[in-house]
Amino acid sequence: MSISDNNYLWWQTGVIYQIYPRSYQDSNGDGIGDLQGIIQRLDYLKWLGVSAVWLSPIFSSPMADFGYDISDYQNIHPLFGSLDDFDQLLEEVHSREMKLLLDLVPNHTSDQHPWFLESRSSKDNPKRDWYIWHDASPDGSYPNNWLAVFGGSAWEWDEHTQQYYYHGFLKEQPDLNWRNPEVEEAMLNMMRFWLDKGVDGFRVDVIWHIIKDKKLKNNPVNEYYNPQDSTYNQVIPIYSTDQPEVHDIVRKMREVIDSYDGRLLIGEIYLPIHRLIMYYGENNNEAHLPFNFQLISLPWNARQIAAAVHEYEKALPENGWPNWVLGNHDQSRIASRVGLDQARVAAMLLLTLRGTPTIYYGDEIGMRDVPIPAEEVQDPQGLNMPDKNLSRDPFRTPMQWDSSENSGFTTSRPWLRLDRAYRRFNVESMRADPCSILSLYKRLIEKRQQEPSLTYGSYTPLFSDAQVMAYLRHAEGHHKFLIVLNLTHRPCYVDSSKIEALQSLRGTIEVATLPELEGSELHNKFTMGGDEGILVRLRNEGQAFFPSTN
């Protein structure tokens with residue numbers, strides 16, 4: 001894939017929006033969000049300006065891990081609706097000129113999937129090798145020291161067949177054996193089923209887990225393990241994840257995707273940058289977008305973030321397209337990590353960096369982590385390690401639509417409680433407030449869509465210090481934009497005359513975290529308040545000092 005002004009693809013110029021279906025909109029009064037509820041809210045997403053909707057799993061499931069334990073890949077869980085409801089959702093999304101992405105969970109199934117029921121029925125069943133089975137060690141213990149992400153050993157004893165099976169997450173989520181070509185073909189055919197229906201691509205769950213070391217070697221012990229962390233971190237998973245053979249699988253997934261026009265493959269990958277970029281493939285023939293989680297994992301520090309952006313940009317393979325996220329269903333919300341005021345600055349960062357941004361539902365209204373009492377915790381990660389405060393429920397709470405009872409999400413008791421402040425923090429009140437974070441998101445998305453420099457222009461870092469990071473965005477033949485972000489709560493002073501690229505700064509602030517600044521003229525020396533960010537359209541005069549950005 002070559003990149004030029006004329007052939008940018010929808011996923012390169014658009015904004016992706018993640019929906020956790022249980023929590024978006026309930027249409028039938030059972031307290032759980034569903035597909036018809038999402039349909040009811042599509043006009044809001046169109047108004048906001050997003051280009052694609054990504055749904056967390058909606059497939060048939062016993063719900064041991066809320067849909068990430070799939071018992072039928074080609075059907076919809078009745079909680080969410082039916083295949084007819086899905087077809088209607090797909091049609092409604094497309095009629096609004098948006099795209100629809102599904103969560104693909106290829107690493108494991110539910111232990112109630114017919115494949116696993118066959119596999120565990122006997123050692124000589126034809127599907128026995130579809131999963132990872134192994135004898136106990138000579139002393140009767142686990143086959144190796146691999147641990148499950150959700151706590152405890154990753155091996156579960158099966159009394160009936162007298163062997164262990166491997167599960168990287170819950171024991172109800174046995175891992176598939178992707179070294180078996182029949183498994184590979186079955187999963188690729190499942191992708192084709194949904195692509196034939198017209199879905200626009202997939203986000204692939206834990207893509208770096210898919211292949212395990214063939215000899216099942218022990219993982220090295222983590223000498224720096226912090227007892228407050230997840231027990232999973234007691235060993236370093238170098239043999240249970242990120243194996244060289246995984247790239248063969250991702251390439252085959254990409255071949256399926258590329259056999260359909262305009263489809264997208266995203267990979268969920270929690271790895272350091274030098275490992276992450278390997279999932280683009282040697283010839284950009286693996287994931288289009290290996291998810292980049294740096295804005296989730298890094299300290300909220302201007303120097304560190306600026307350095308990480310620069311490192312990422314330099315590490316990208318030729319024609320590799322960047323991407324950024326602030327949050328997802330597994331991570332604390334951005335407003336809880338950095339505060340409500342800095343969440344506005346974070347929005348400016350997300351929507352002005354080069355590459356495809358993904359918004360987690362509710363972040364556009366500043367939703368916060370919601371305290372869930374111990375007796376109401378539902379997330380298996382939290383239930384399995386109750387003393388470590390690892391439940392993901394606080395960042396999966398219902399969308400806050402309005403100030404009515406249950407915030408317009410449901411007419412009955414919601415499956416998780418709402419933020420106590422939902423009567424102030426909701427879509428209805430914020431749509432009417434030009435100073436709200438929702439209005440800021442909408443202005444930023446509109447500006448991004450209007451300006452080629454912000455859509456696909458180059459990224460040029462300018463400076464960073466203890467408070468501020470600044471960079472340029474520019475596409476040949478279009479306006480240059482300067483972005484300056486104060487990542488602290490304290491006022492700061494900027495003297496652009498000391499920066500070679502900004503020695504003759506003249507421009508107009510077009511979008512700002514503080515709306516009162518918009519329309520103001522900006523010159524060489526200026527001050528910024530705490531928690532402020534500005535997007536400046538630079539004027540042509542006196543711009544000789546700007547370095548080439550092409």
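Read-outs: derived from the displayed coordinates by stated rules, not from any lab. As the structure is a prediction and not an experimental result, all values here were calculated from the model. Counting neighbours? That spans all protein chains shown, and the Cβs are built from the backbone with ideal geometry, glycine included.
Straight-line cross-link reach from K197 at under 17 Å between alpha-carbon atoms covers these lysines, not counting any fewer than eight positions away in the same chain: K99.
Taking the Cα centre of region 140-288 as the origin, how large is its charge dipole in debye, to the nearest 20, when only Lys and Arg (+1) and Asp and Glu (-1) carry charge on their Cβ atoms? Could you put the intermediate results ahead of the total?
On the way: 14 positive and 23 negative charges, 39 e Å.
Once rounded to the nearest 20, the dipole reads 180 debye.
When the charge dipole of the chain is built from unit charges on Cβ atoms (+1 for Lys and Arg, -1 for Asp and Glu) and taken about the Cα centre, the candidate among Q162, F293, P21 whose Cα reaches farthest toward its positive end is F293.
When only DSSP loop residues count, what GluC sites (Glu not before Pro) in region 16-109 have their Cβ near at most 12 other Cβ atoms within 10 Å?
Values: sites: E91, E92, E97; in loops: E97.
Here the GluC sites (Glu not before Pro) that fit, given the DSSP loop and packing criteria, are E97.
In a reduced charge model with +1 at each Lys and Arg Cβ and -1 at each Asp and Glu Cβ, region 65-179 shows a dipole moment near 380 debye about its Cα centre. Farthest toward the dipole's positive end in the chain, which of W54, G355, C435, given Cβ charges of +1 (Lys, Arg) and -1 (Asp, Glu) about the Cα centre? Result: C435.
Applying the criteria of a DSSP loop state and at most 13 other Cβ atoms within 10 Å to the trypsin sites (Lys or Arg not before Pro) of region 373-477 yields R420, R424. The distance from the alpha carbon centre of region 260-286 to that of region 390-415 is 34 Å, rounded to a whole number.
In terms of surrounding Cβ atoms within a 10 Å radius of their Cβ, L176, L514 rank from fewest to most as L514, L176.
Taking the beta-carbon count within 10 Å as an exposure proxy, list H108, H113 from fewest neighbours to most. Write out the running numbers ahead of the final one.
Values: H108 28, H113 24.
Ordered by Cβ neighbours within 10 Å, fewest first: H113, H108.
Using the number of other C-beta atoms within 10 angstrom as an exposure proxy, rank V256, V53 with the fewest first. If you can, show how the numbers build up before the last one.
Working: V256 18, V53 24.
Least to most surrounded, the residues fall as V256, V53.
Straight Cα distances below 17 angstrom link K388 to the aspartates and glutamates D229, D330, D369, E375, E376, D379, with same-chain residues fewer than 8 positions distant left out.
Taking a ≥ b ≥ c as the square roots of the eigenvalues of the Cα gyration tensor, region 114-166 is oblate, since a/c reaches 1.5 or more and a/b is not larger than b/c.
Suppose every Lys and Arg Cβ carries +1 and every Asp and Glu Cβ carries -1, with no other charges. What dipole size does the chain come out with about its Cα centre, to the nearest 20 debye?
Values: 51 positive and 75 negative charges, 322 e Å.
In debye, rounded to 20, the chain gives about 1540.
Label region 353-449 by shape, choosing from rounded, prolate and oblate, from the square roots a ≥ b ≥ c of the eigenvalues of the Cα gyration tensor; if a/c is under 1.5 it is rounded, and otherwise prolate applies when a/b is larger than b/c, oblate when it is not. Note, shape of region 353-449 comes out oblate. Within the chain, DSSP assigns beta bridges of which about 65% are antiparallel (rounded to the nearest 5).
Within the shell defined by Cβ-Cβ distances under 14 Å, the residues around E518 carry a net charge of 0, with Lys and Arg each +1 and Asp and Glu each -1. Extension gain, A307 to I499, is 67.4 nm, computed as 0.36 nm per intervening residue step minus the present C-alpha separation.
To the nearest 500 deg cm²/dmol, what mean residue ellipticity at 222 nm is calculated for the chain from DSSP H runs of n ≥ 4 alone, each contributing -39,500 (n - 2.57), summed and divided by the residues?
Working: 16 runs with 134 residues, N = 550.
After summing the helix terms and dividing by residue count, I get -6500 deg cm²/dmol.
Among the listed pairs K442/K525; K252/K447; K123/K214, those with a Cα-Cα distance over 27 Å are K442/K525; K252/K447. The GluC sites (Glu not before Pro) of region 296-386 that DSSP puts in a loop, and whose beta carbon has at most 11 other beta carbons within 10 Å, are E318.
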